[in-house]
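Asker: Before I ask anything, let me first share the structure, which is written out below as structure tokens.
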Amino acid sequence: MDGYTLQALYQILGPKHLLTRPDETEKFASDATDLKFVPEAVAFPGNAEEVSRILLLANEVGFPVIPRGAGSGKTGGALPVEGGLVLAMDRFNRILRIDRDNLIAEVEPGVVTARFQEEVEKVGLFYPPDPASFRVSTIGGNVATCAGGLRAVKYGVTRDYVIGLSMVLPTGEMLRTGVETPKGVVGYDLTRLVVGSEGTLAVITSITLRLLPKPEMKKSMLAFFDRASTAVRTVSEMIRSGILPATLEFMDRLCLDCMRNQTRHFIPPGAEALLLIEVDGDRSSVEMEAERIRRACQGGGCLDFRAATRGEEAEEFWEIRREISETLFVYGPHKISEDVVVPRSRIAEFIDILRGLETRYRLSMPTFGHAGDGNLHVNIMYDKDKEGESERAELAVKDLFRHTLKMGGTISGEHGIGLTKAPYLGMELSKTAIDLMLRVKKAFDPKGILNPGKIFT
């Protein structure tokens, strides 16, 4: 950035809220991928007016602006691939209000998901979206990617709770979308358009969220099976019989092998799949559903079934799930994390396909995820330093996507497209659809300054 641009940014932000030294900006060069792009500067705006002035300057001078939350994304969506200015939203960290009468809240995008969940629960309310990264990820990042999470099978994903947004358009204009009422159909739904747009259409400055009454109680259970196919058939039978757990998670044999070395919980010999289940609601319905789930799992041939008897034990169950991703590096020092979705009824078939891909590409692909909605996290483990493994890993990704789409699925359930999946966008979307999206992008961002290089190659 030239001297004029830096001086203008200093005037907007003050010296304490602009980083320009490489040793400072490098901290914002990476995310949960293995990619790295160092920005020219990092700004920490404190209000919507500062964001607006920055974007007006970017349009005048012509530098990229990249909104960033916690940097926990898995597709490179917040990386400065063309340099420019990272817009770190750390100072937008206030819970502006929690309205118990209308079951809504308004928060700034830098609020950490776990903190928000804790605050609404203090007043007897409940915010269901629950990404595995909830302890570090921010509400703004969740909105940008339309994050899902563990409770999506019963409660839906982030977009189902966003009813309004305050934002700054790439042209510097401020805009408020949505309503604070349960109903509202005036004009196009710009709120839904921006949710999941991965920071390419606007910089979000506040979010109005729908809340629910907090369930009276919840109960967590583990069920081990001798085969993945048996476990996923049990899932189908469970839901077909009218049981809809709050959470219904799956882990395959490779994940269980990691768990054996990482947890004190006993894993039965011969177990090759795990279902981790939680039900919530009023006390009588929870006890009844838990019993129906126990019978369904035992009727499905599970090797072992356990129900948590206290809160601490339940939390241990869920820590296993939230931490499994980091234990998988025993299979290789590098990982490509994909979040494909297939129809729930075809998960067993999909697991068999994965085992075939492992053999074909000679790579381990431990898999876990949300069995209740078919969203599975396939982890392709490889070693960049071994000849041919990076190439095989990339071929495996394309083959994985091809099989997913052939089964009527989608190549991303909650991570978004960002940078890493952009080359595969045309596998799922038609040219007409992509061209229309590009026209929408052009309408919002005529000079292409906001988060360039993402989604579209």
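The values are calculated or read from the model by the stated rules, or taken from the named source; none is laboratory data. Note that the coordinates shown come from a computational prediction; the quantities given were computed from them, not determined experimentally. Cβ: placed from backbone, ideal geometry, glycine included. Neighbour counts: every protein chain shown. Accessible surface areas use protein heavy atoms only, side chains included; no ligands, DNA or RNA. Shrake-Rupley method; radii C 1.70, N 1.55, O 1.52, S 1.80 Å.
Asker: For the chain, what does the accessible surface come to per residue with a 1.4 Å probe? Please give it in Å².
Answerer: 43 Å²
Asker: Could you sort 98-106, 154-162, 75-83, 365-373 so that the peptide with the highest average Cβ count within 10 Å comes first and the rest follow in order?
Answerer: Most protected by this proxy first, the peptides run 365-373, 75-83, 154-162, 98-106.
Asker: Sorted from largest down, give the three principal axis spans of the alpha carbons of region 229-383, whole angstrom values.
Answerer: Sorted from largest, the Cα extents of region 229-383 read 51, 32, 26 Å.
Asker: Over all distinct Cα pairs, what is the inverse of the mean 1/r for region 149-189, reported as the Kirkwood hydrodynamic radius in Å?
Answerer: Its Kirkwood hydrodynamic radius stands at 12.3 Å.
Asker: Follow-up. Can you find, among 112, 5, 28, the residue sitting farthest towards the positive end of the charge dipole of the chain, where Lys and Arg contribute +1 and Asp and Glu -1 at Cβ?
Answerer: Result: 112, furthest along the dipole toward the positive end.
Asker: From the cross-link list 421/447; 406/441; 16/454; 36/74; 335/398, which pairs have alpha carbons spaced over 19 Å apart?
Answerer: 421/447; 406/441; 16/454
Asker: For region 1-105, take the alpha-carbon Rg, divide it by the Kirkwood Rh, and send me Rg/Rh.
Answerer: Across region 1-105, the Cα-based Rg/Rh ratio is 1.04.
Asker: Further question on the same structure: Along its principal axes, what span do the Cα atoms of region 132-210 show, with the longest given first and each in whole Å?
Answerer: Computed over the Cα atoms, the extents are 35, 27, 15 Å.
Asker: Using mean Cβ contacts within 10 Å as the protection proxy, how do 409-419, 299-309, 221-231 order, highest first?
Answerer: Output ranking for 409-419, 299-309, 221-231: 409-419, 221-231, 299-309.
Asker: Along the positive direction of the dipole of the chain (beta-carbon charges: Lys, Arg +1; Asp, Glu -1; about the Cα centre), which of 273, 85, 317 reaches farthest?
Answerer: Towards the positive end, the residue furthest out is 273.
Asker: So between residue 119 and residue 34, what do we pick up on full extension, going 0.36 nm a residue minus the alpha carbon distance?
Answerer: Gain on extension, residue 119 to residue 34, equals 27.2 nm.
Asker: Between residue 346 and residue 176, what length comes free when the chain is fully extended (0.36 nm per residue of separation minus the Cα-Cα distance, one decimal in nm)?
Answerer: Separation in residues times 0.36 nm, less the Cα-Cα distance, equals 57.1 nm.
Asker: Can you give the charge dipole size of region 16-170 about its Cα centre, rounded to the nearest 20 debye, using +1 on the beta carbon of Lys and Arg and -1 on the beta carbon of Asp and Glu?
Answerer: I would put it at about 300 debye.
Asker: Per the 1.4 Å probe, what fraction of the accessible area of the chain, in percent, lies on carbon and sulfur atoms?
Answerer: The value for the chain is 52 percent carbon and sulfur by accessible area.
Asker: What is the distance in Å between the Cα centroid of region 4-40 and that of region 420-436?
Answerer: 31 Å
Asker: Please enumerate, by chain and number, the lysines with C-alpha under 23 Å from the C-alpha of residue 214, excluding those fewer than 8 residues away in the same chain.
Answerer: 122, 154, 183
Asker: Ok, one more. With charges set only on the Cβ (+1 for Lys and Arg, -1 for Asp and Glu), what does the dipole of region 226-302 come to about its Cα centre, in debye to the nearest 20?
Answerer: The dipole of region 226-302 has a size of about 220 debye.
Asker: With viscosity set to 1.306 mPa s at 10 °C, what whole-number translational diffusion coefficient in µm²/s follows for region 182-305 from Stokes-Einstein and a Kirkwood radius over Cα pairs?
Answerer: 91 µm²/s
Asker: Describe numerically, in nm with one decimal, the distance between label points set 7 Å from Cα along Cα→Cβ at residue 160 and at residue 443.
Answerer: The two pseudo-label positions are separated by 2.8 nm.
Asker: Follow-up. Using only alpha carbons, build the gyration tensor for the chain and give me the equivalent ellipsoid semi-axes, biggest first, whole Å.
Answerer: Semi-axis lengths for the chain are 38, 27, 20 Å.
Asker: Compute the separation of the alpha-carbon centres of region 187-264 and region 341-368 and state it in Å as a whole number.
Answerer: Here the two parts' Cα centres lie 19 Å apart.
Asker: P(r) for region 78-122: what percent of alpha-carbon pairs falls in each 10 Å bin, starting at zero?
Answerer: The percentages, shortest bin first, are 23, 41, 21, 13, 2.
Asker: Further question on the same structure: Considering the chain, which cysteines have no disulfide-compatible partner, defined as another cysteine with its Cβ under 4.7 Å away?
Answerer: Within the chain, the cysteines lacking a partner Cβ under 4.7 Å are 146, 255, 258.
Asker: Run the quick spin-label model on residue 398 and residue 101: label points 7 Å from Cα toward the beta carbon, then report their separation in nm to one decimal.
Answerer: The two pseudo-label positions are separated by 6.0 nm.
Asker: Moving on to the next point. Over the Cα atoms of region 308-457, Rg to Rh with Kirkwood Rh, two decimal places?
Answerer: Result for region 308-457 is an Rg/Rh of 1.03.
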